[in-house]
1. Any idea which of Gly155, Gly167, Gly182 is of a type outside the set (Asp, Glu) and modelled with pLDDT under 95?
2. In this structure, is Gly349 in the same structural domain as Leu149 (by TED's automatic domain parsing), of a type outside the set (Phe, Trp, Tyr) and buried (at least 18 other Cβ atoms within 10 Å of the Cβ)?
3. Working carefully through the options Lys168, Lys99, Lys160, find the one that is under 25 Å from Ile201 (Cβ atoms) and assigned to a helix (DSSP H, G or I).
4. What are the residues in the stretch 39-53 that are surrounded by 22 or more Cβ atoms within 10 Å (Cβ to Cβ) and either under 16 Å from the mean Cα position of the chain (by Cα) or over 21 Å from Tyr358 (Cβ atoms) (or both), if any?
5. Can you find, within the stretch 305-346, the residue that is surrounded by the fewest Cβ atoms within 10 Å (Cβ to Cβ) among those that are farther than 18 Å from Met289 by Cα and among the β-branched types (Val, Ile, Thr)?
6. Do you know which residues across the stretch 193-216 are surrounded by fewer than 24 Cβ atoms within 10 Å (Cβ to Cβ) and in contact with a Ser or Thr (Cβ under 6 Å, 6 or more places away or on another chain)?
7. Return the residues of the stretch 46-73 that are of a type outside the set (Val, Ile, Thr) and part of a loop (DSSP other than H, G, I, E, B); say none if nothing qualifies.
8. Identify the residue in the stretch 238-267 that is out of contact with any helix residue (DSSP H, G or I) (no Cβ under 6 Å at 6 or more places or on another chain), buried (at least 23 other Cβ atoms within 10 Å of the Cβ) and not hydrophobic (A, V, I, L, M, F, W, C) and, among all such residues, is nearest to Gly46 (Cα to Cα).
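The values are calculated or read from the model by the stated rules, or taken from the named source; none is laboratory data. Keep in mind the model is a prediction, meaning the values are calculated, not measured. Note: ideal-geometry Cβ built from the backbone for every residue, glycine included; neighbour counts use all protein chains shown.
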Amino acid sequence: MRITGISVYQLPVPLKKAFVISLGRFDHARNILVKISTDNQLSGYGECSPFMTINGETMESAFEVARYLAPHLIGRDPANMEDCMGVMDRMIYGNTGIKSAFDIALYDLASRAAGQPLYKYLGGSNAREIITDYTVSMGDPGQMAADALELVERGFRIVKVKLGDSGKTDVERIRAIRQSIGPDIAIRVDANQGWSVGEAIETLQGIYPYQIQYCEEPIPRWDFMSLPKVRQSSPVPVMADESCSDHHDAQRLIGLQACDMFNLKMGKSSGIFKALKIIKLAEQHGMPMQIGGFVESKIAFTACAHLACVSDQIRYFDFDSPLMLAFDPVEGGISYHEHGLVTLPEGPGLGLRVPDDYLNSLKSFSIGQPA
């Protein structure tokens, strides 16, 4: 099996409502879709959600970098991930988002060719329960409490809360949310690097009485040497997110004893190939993991769900972004059910497709002989 054609599409999708975190406000998902075709008439889909403030990419920049990467994959075996990822890494440093879109499409192809669902191709088992949280955007404490209550009334049992612009206000936000939703709903928080070291410690101690599962990335990613101090002083478990992109970061954080958990995201790790390396390290050191993402559609999050089936150390799931999109361009893929339950398709590969008439409406380029 050899790659014969690649098409790359700009995939802007409006959100149902604004999504606000400490790093900014977002009204659209501005994503990239990659479709790779082979000489045995198979096609695989991949996607990324370039994030300017985290991986330094935009939809437009990722689209242009894809023009450099795509020609170097033509003629290669999509099942040889070490070769395919190696050539992209040699071509250009970083750009982990667009590389993840290619990576996901390659794994989709390889598992389709094997006639297996991706989770099975990766050695996993679709026997676990996957329950996603749903995120409350940052804002006024009263409004956040109302938003959290609305999610609970919709059936979600886990609420993720965006914090990070002011420690004192963040404590008030959590207090208001806990009072609104009661004691039985799980709360996890994400500061998106928003606090200083002292502020992080004070805030984490302040929100601890409100039964917080864990906190993602409390301080700036560049200050990872201070993360052990935050962890040691915090009664709330600390999860590394932006500071843990690939397996090299994971190894460094483990050595520093800087965090209790990792948050895996395809757009940080360059996709599944390097995420598997992080998972192996976490298993060796008994570290729990979460799988999350940016604002991708069901394409990338279906890949996340397949990956979630490979390790019991993956215990937390942040798969709500597709529910935030104004429309769903994907046929098949993961399904959402009551209380945030997520189920996987059983078809080969990712178990999804994107209709050609929709793809043809998007800005794109193609090389080789696309299907």
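1. Values: Gly155 fails: modelled with pLDDT under 95; Gly182 fails: modelled with pLDDT under 95.
Going through Gly155, Gly167, Gly182 in turn, just one is of a type outside the set (Asp, Glu) and modelled with pLDDT under 95: Gly167.
2. Working: in the same structural domain as Leu149 (by TED's automatic domain parsing): no; of a type outside the set (Phe, Trp, Tyr): yes; buried (at least 18 other Cβ atoms within 10 Å of the Cβ): yes.
So Gly349 does not fit the description; no.
3. On the way: Lys99 fails: under 25 Å from Ile201 (Cβ atoms); Lys160 fails: assigned to a helix (DSSP H, G or I).
Criteria check complete, one pass: Lys168.
4. Within the stretch 39-53, the first condition is being surrounded by 22 or more Cβ atoms within 10 Å (Cβ to Cβ), and the residues that meet it are 44-51.
Once the filter is applied, which keeps residues that are surrounded by 22 or more Cβ atoms within 10 Å (Cβ to Cβ) and either under 16 Å from the mean Cα position of the chain (by Cα) or over 21 Å from Tyr358 (Cβ atoms) (or both), the stretch 39-53 yields Gly46, Glu47, Cys48, Ser49, Pro50, Phe51.
5. Checked the stretch 305-346; the qualifying residue surrounded by the fewest Cβ atoms within 10 Å (Cβ to Cβ) is Thr343.
6. Val197, Ile201 - these are the residues of the stretch 193-216 that are surrounded by fewer than 24 Cβ atoms within 10 Å (Cβ to Cβ) and in contact with a Ser or Thr (Cβ under 6 Å, 6 or more places away or on another chain).
7. First pass over the stretch 46-73, keeping only residues of a type outside the set (Val, Ile, Thr): 46-52, 55-57, 59-64, 66-73.
Those that are of a type outside the set (Val, Ile, Thr) and part of a loop (DSSP other than H, G, I, E, B): Ser49, Pro50, Phe51, Met52, Asn55, Gly56, Glu57, Leu73.
8. Per the criteria, the residue is Lys265.
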